[in-house]
Structures are given as structure tokens and as C-alpha cells.
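What follows is calculated from the coordinates using simple rules that are stated; it is not laboratory data. What you see is a predicted model; the values in this text were computed from it and never measured. In this analysis, Cβ positions are derived from the backbone assuming ideal geometry, glycine residues included, and neighbour counts consider all displayed protein chains.
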Amino acid sequence: MHRSIKFFIFLFIVSTLGVTAQESDQIQIHSHNDYHQNVPFWNAYSNGLSSIEVDVFLKNDTLYATHGEFEIIKNRTIESLYLQPIQKVLSLQLKGHRKLQLLVDIKSEARSTLKKLMYVLGQYPEIINNRNISIVISGNRPDIDEYLDYPNYISFDYQSLGSLENAQIWDKIALISLNFKRFSSWNGKGKLTTEDYEKIDTVIDKAHSYGKPFRFWAAPDSKTAWKAFRDLGVDFINTDMPSRASTYLKTINHRIYHNKNISKIYRPTFSSDQKNIPIQNVILLIGDGNGLTQISSSTLANGGNLTLTQLKSIGLLKTQSADDFTTDSAAAGTALATGAKTNNRAIGVDTSKKPLLNITEILSEHGFLSGCITTDKMTGATPASFYAHQKDRSDTLDIAKDLLKSKLSLFIGGGSKDFQNVGLPEKFAILNDINLVGQSKKDKVGYFISETEVPSVLKGRGNMLSEATRNALHFFQNKNKPFFLMVEGAQIDNYGHLNNVAGIVSEGLDFDEAIAEAIKFADKTGNTLVIITADHETSGFSIPQGNLENNMIEGDFTTHDHTGTMVPIYAYGPRSQEFQGVYGNDELFAKILKVLSISAH
């Protein structure tokens with residue numbers, strides 16, 4: 001065997017050592033015509049497949065792995081491609097006692113081929129005596145009443161839904177396999193028709209009534225088909241793409257979310273929206289990693305509506321940083337806060353690492369108060385971009401010290417431990433109840449949600465973000481001064497990095513509740529502009545399937561990192577139409593100052 005092939009197989013063997021029974025045995029996938037794979041057996045086995053098919057043809061007393069006589073390739077036999085590798089697996093004593101079905105599809109004459117197969121199998125007693133390995137005969141088979149003539153380690157694939165009166169013969173049946181095309185012409189795209197769905201569901205129920213596992217062959221081979229067959233209860237899902245099918249089905253439970261917590265929608269009055277009247281307050285809400293698909297997933301999991309989706313002034317932001325096609329939160333946050341593109345990881349400084357004036361600093365010179373709210377640590381990249389000036393987002397202590405020098409009158413976020421021994425209480429009244437924020441008469445207040453990381457909605461945070469937003473708005477309203485408030489829904493991004501659909505949807509809905517508080521306030525005051533956008537998209541999120549009736553979302557991902565795709569921007573209130581169109585994230589800063597009739601330095 002070629003050295004590179006040996007090394008490849010070695011890697012596959014090593015990879016399987018870390019596969020537990022729980023991870024692999026539950027993946028009921030059948031590798032159809034597995035011998036056509038670049039690396040037969042090992043590809044399917046290392047990906048946790050529980051059933052592997054090999055066509056065999058008897059010629060010159062040899063069982064070749066081939067579909068027909070004229071496709072025979074020297075040395076590609078059932079022994080070299082399957083029995084010897086299985087023997088190697090057993091010699092490694094892999095953990096978990098994985099069950100494996102080897103489906104031998106006989107293409108030559110049945111009886112002579114079976115006779116030779118039994119002889120060959122007799123040379124591998126560790127295989128035929130292993131309870132976790134089953135040898136199933138398909139394709140050309142002897143007459144059904146001859147099944148009992150074969151040893152216990154041989155069983156058969158039954159390709160009919162007709163009943164068998166002989167119970168002993170039923171015991172020789174390992175599974176039922178049928179041609180999918182007999183029942184439907186579906187190609188695996190879109191959905192099955194209702195008629196075809198009912199027909200196929202009936203077939204599967206009938207097969208299961210015999211107490212046997214079921215497989216379709218000649219079936220569509222796509223993600224949509226794999227999910228449909230999984231949901232219908234097909235026991236062995238047929239595929240020519242074992243690695244892709246395994247990856248998809250292994251992760252599907254992690255990528256499906258049924259939303260049980262329907263968020264109440266606030267429907268705006270639009271009394272001040274797009275009106276050319278003076279603006280006194282600006283609320284900027286940033287959904288970290290909240291791209292269009294993330295918004296779509298929360299919308300569709302919430303009965304088809306969010307407060308956000310009621311808005312009319314909509315645009316798109318380009319998010320590239322100064323030094324990279326794909327931005328991080330630091331460069332994106334700095335662009336939004338200062339109107340300048342900078343390098344990834346930079347906080348409030350330009351590409352030469354010189355401090356940039358941010359919007360809270362400029363507005364303070366015009367009598368505005370400012371605040372930041374986040375479900376991240378307060379030293380996180382996005383909130384820090386609105387008060388700090390540091391060359392790197394990891395300079396946590398220096399960022400924390402910058403909060404003391406900032407123009408902020410209010411902060412709410414996590415990570416109180418980052419501010420130990422920096423003298424924060426000398427500048428801010430640190431409150432111990434979120435409801436005290438709205439009642440406070442202090443000039444500068446802060447509230448820490450947590451000592452370290454902020455819990456997610458899925459881990460019990462509750463509606464803290466909307467409560468924080470509501471209390472912050474009460475705080476500023478009591479001051480009788482114009483204000484700027486930044487509110488970040490930070491953990492949409494966290495769950496994007498984790499490729500976790502439940503987290504993306506639940507954090508998106510939580511963010512929308514904070515948006516509702518801002519829109520209510522804008523309707524109440526008539527002079528407040530609300531802007532909602534994102535710093536970037538995370539994970540290359542898509543939603544290929546779902547169900548509006550039961551609020552189900554299936555997500556899929558292209559990466560665990562950020563992407564360069566544009567992100568939506570929504571606006572509501574006076575002059576919200578100014579924020580429509582497609583433009584860079586660094587242009588938002590100037591647009592805000594323009595509608596406030598304030599000149600940047």
C-alpha cells in the first residue's frame with residue numbers, strides 16, 4: 001500500500017479512538033456503495049456510520065468489490081477493503097463496542113457467491129463471532145425458504161412489505177429496504193407533497209409494524225432529504241456522502257430550536273417617524289453579530305413578527321475594518337463610535353494608535369449626557385469603543401481605567417472584577433439593584449450585572465436587558481437633558497461563534513424587547529431617534545428550514561467566526577429616513593451628528 005494511503009488510514013484509526021458509543025451508535029446512516037469512496041470503509045467508520053454497503057462479484061474464486069464484472073479492479077476485494085480493516089478496528093479494541101452492519105450486495109450468482117463468502121468469513125472468526133457486527137446479504141439472494149440453511153452470523157435484507165408466515169425466517173431478516181422511487185419522484189429539494197408524505201409515512205409504519213429497521217435505497221441524498229427521512233423515522237438513512245451526512249445529522253439537534261417564549265410585539269405609532277423636527281435624544285442599539293439571518297430567525301421563531309420588523313426606515317452597513325475584509329467588534333465598534341475606520345483589535349484609536357474623539361465625548365460638549373448598556377463585560381470591545389482609547393481590546397485594566405475618565409453618566413454591564421482597585425466608586429455611584437437606576441438622582445451611576453461573564457438568556461439572565469434599558473431611560477428623562485444611549489445585545493455573537501441556534505434566537509428575542517423599550521420611549525417623547533444595527537455578522541448563519549406553526553428554526557453555519565457580509569440598519573423617529581441606503585459603518589457617526597445639527601471636530 002502506498003505510504004500516503006497508509007498514513008491517511010492511520011489518521012482515521014486515531015480519529016475513531018475518541019469516538020464514544022453515544023456519539024456514534026445513534027447515527028443511523030448507511031454508506032451506499034461505500035467502495036466508491038476515495039477511502040472505503042475508513043471514511044464511513046471514522047464518521048460514525050452504523051451501516052456500510054459493499055457490492056461483491058465472484059470471479060476466479062475471488063470476491064471483488066465491484067458493481068459488475070467489467071468494473072473489476074485488481075486487489076479491490078471484500079477482504080482488502082472491508083474485512084481486514086474491520087479486523088484492524090477490533091485489534092485496536094476501540095471503546096464503546098460500536099455496532100456495525102456490513103451490507104453485502106451480491107451482484108453475481110447468489111448461491112455460489114454466498115458459499116464463497118462464508119468460506120472467506122470463516123477466516124475471520126473475530127468478526128463472525130462478534131455480536132456487534134452483523135453481516136447482511138442484499139442484492140442477489142437465494143430463495144427465501146433457503147435462508148434458514150445459512151449460519152447464524154448471516155442475515156438478509158428483505159425488499160418487500162409482504163408478511164412472512166414462518167417466524168424463523170423473520171428472525172433471519174435484518175432490515176427492510178425499498179426503492180424510494182416506487183413511492184415518490186421527490187428529488188430532495190423543497191418539501192415532499194402532502195400526498196407523497198402520507199404515502200411514505202405509511203410505508204415506514206408498515207415496515208416498523210414487523211419490528212424491523214427500515215431503509216430506502218435510490219433515495220434523494222441532500223440535507224433536506226436527510227432531515228425529512230430522520231423526521232419520518234427511517235432507521236438507516238442512505239447516502240453517498242458519509243462525511244457530510246454524518247456532520248449534518250450529528251449536529252442537527254444543536255441546530256434546531258423550538259421557541260417556547262413568544263416575545264410581545266410593540267407596534268409603533270409612527271407619529272414622529274421620518275418627520276423633519278428637532279431631535280433631542282439618540283438611542284443606538286447594537287446587536288453584536290446580528291445579521292439579517294439572525295434577525296430572520298428570531299422573527300420567524302416569534303410568529304413572524306418582531307418590534308424591529310415594524311420599522312420602515314431600513315438600510316445596510318458595510319463592515320470592513322481598516323486592515324481586514326472581516327472586522328472584529330473592536331474595529332466595528334470604533335467605526336460606529338468615532339466615524340473612523342481602524343485596525344482590528346483597536347479601541348477608540350486610529351490606525352496610528354492615536355486617540356479618536358468618540359460620540360459621547362463630542363456630544364458632552366453640547367450638553368448631552370451619555371450611557372452604555374451591554375450584556376457583555378463593560379470592558380468588552382463594543383461598549384469600550386464608546387468610552388475608551390487603547391491600542392488593543394485585551395488591555396482590560398487600561399480600558400477599565402478609561403471608564404473613570406469617560407463622559408458617561410451611566411453604565412450597566414458585567415465584569416465588576418475588571419474594575420477592582422481602580423477607584424470606580426469615586427466616580428460612579430455603584431447601585432445593587434437595577435430598579436434603583438431609574439430612581440437615582442446621582443449624576444453618575446453604574447450597575448454590574450455580574451462579577452465576570454454575564455449569563456445568557458438560556459442560562460437564566462431573564463429580561464435584564466430590557467429592564468436595564470427601561471431604567472436607563474427613566475434615569476436620563478429625570479435629568480431633563482438631551483442624551484445618547486448605546487445598548488448592546490452582546491450574546492447573539494457568542495452563540496454565533498458556538499453555532500448554537502437556540503442561543504441566537506433567544507438572545508435575538510431578548511434584544512428585541514430592549515428595542516421595544518426604546519421605541520416606546522421614542523413614541524412617548526416625540527423627539528427621540530432610535531437606531532438599530534449590528535457591528536458585524538457572525539457564523540455565516542442560514543435558516544434552510546423551519547416551521548411557523550410550532551416556531552421551529554433549523555440553522556446552518558459556514559464558520560465559527562465573523563463574516564464580511566453587510567448588516568441591516570433600522571431607524572425610527574425624527575429624520576429616520578436619513579439612515580436609509582447602503583453605506584459604511586464609519587458613516588453612521590456623521591449621519592447622527594448631521595441630524596443633531598452638530599459639527600464634528
Extending each Cα 7 Å along its Cβ direction at His254 and Ile73, get the distance between those two points in nm, one decimal.
3.3 nm
Arrange the peptides 213-226, 148-161 so that the one whose residues have, on average, the most other Cβ atoms within 10 Å appears first.
213-226, 148-161
Cα Rg over Rh - the stretch 31-84, Kirkwood
0.97
Tell me which residues come under 5 Å, amide H to amide H, from Ile29 once H is placed; ignore anything under 5 positions away on its chain.
Ser50, Ser51, Ile237
Distant-in-sequence amide H partners of His562 (H built 1.01 Å from N, under 5 Å):
Ser539
Treat the stretch 110-159 as a sphere of radius equal to its Kirkwood radius over Cα pairs and apply Stokes-Einstein at 37 °C in a medium of 0.692 mPa s; give the translational diffusion coefficient in µm²/s, rounded to a whole number.
287 µm²/s
Point-charge dipole on Cβ atoms (K/R +1, D/E -1) for the stretch 450-601, about Cα centre, debye to 20:
880 debye
Among 40-47, 118-125, what's the highest-first ranking by average C-beta atoms within 10 angstrom per residue?
40-47, 118-125
Over the residues of the stretch 307-348, compute the C-alpha Rg and express it relative to 2.2 N^0.38 Å.
1.37
Take the Cα pairs of the stretch 3-257, get the Kirkwood Rh, then feed it into Stokes-Einstein at 20 °C and 1.002 mPa s and tell me D in µm²/s.
113 µm²/s
Over the stretch 192-271, how many pairs of lysines fall under 29 Å by alpha carbon, counting only those 8 or more apart in sequence or from different chains?
15
Once the other residues with Cβ under 15 Å from the Cβ of Lys223 are scored (Lys, Arg +1; Asp, Glu -1), what is the net sum?
+2
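About the Cα centre of the stretch 3-257, what is the dipole size in debye to 20, counting +1 per Lys and Arg Cβ and -1 per Asp and Glu Cβ, all else neutral?
940 debye
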So how tilted is helix 464-479 from the main axis of the chain? Cα-based, degrees 0 to 90, rounded to 10.
10 degrees
With an 8 Å Cα cut-off and a minimum separation of 6 or more residues, compute the relative contact order for the stretch 3-257 in percent.
19 percent
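DSSP loop (so not H, G, I, E, B), at most 14 other Cβ within 10 Å: list which GluC sites (Glu not before Pro) in the stretch 62-138 pass both filters.
Values: sites: Glu69, Glu71, Glu79, Glu109, Glu126; in loops: Glu109.
Filter output for the stretch 62-138: Glu109.
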Of the chymotrypsin sites (Phe, Trp or Tyr not before Pro) in the stretch 323-390, which ones lie in a loop per DSSP and count no more than 15 other C-beta atoms within 10 Å?
Phe325
Long-range HN-HN contacts of Val349 with modeled amide H, under 5 Å
Leu356, Gln390
Rounded to two decimals, what is the ratio between the C-alpha radius of gyration of the stretch 427-517 and 2.2 N^0.38 Å?
1.17
Net charge near Asp328: determine it from the other residues with C-beta under 9 Å of the C-beta of Asp328, scoring Lys and Arg +1 and Asp and Glu -1.
0
For the chain, taking Cα atoms only, what is the radius of gyration to one decimal and the Dmax to the nearest whole Å?
31.4, 96
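Using Cα pairs closer than 8 Å and at least 6 residues apart in sequence, work out the relative contact order for the chain, in percent.
The normalised contact order for the chain reaches 16 percent.
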Over the stretch 159-221, what is the mean sequence separation of C-alpha contacts under 8 Å (at least six apart), divided by residue count, expressed as relative contact order in percent?
47 percent
Can you check what the net charge comes to around Gln477, using other residues whose Cβ is under 14 Å from the Cβ of Gln477 (Lys, Arg +1; Asp, Glu -1)?
+4
In degrees, nearest ten, helix 292-301 long axis to first principal axis of the chain (Cα):
80 degrees
Expected vector for the stretch 518-532, Karplus 3J(HN,Hα) from phi with 6.51, -1.76, 1.60 and θ = phi - 60°, integer Hz, x for Gly and Pro, equals 5, 5, 4, 5, 5, 5, 5, 8, x, 10, 10, 9, 10, 10, 10
The answer for trypsin sites (Lys or Arg not before Pro) in the stretch 341-390 that fall in a DSSP coil and have at most 15 neighbouring Cβ atoms within 10 Å is Lys353
Helix 194-209 sits at what angle to the longest principal axis of the chain, using alpha carbons and giving 0 to 90 degrees rounded to 10?
50 degrees
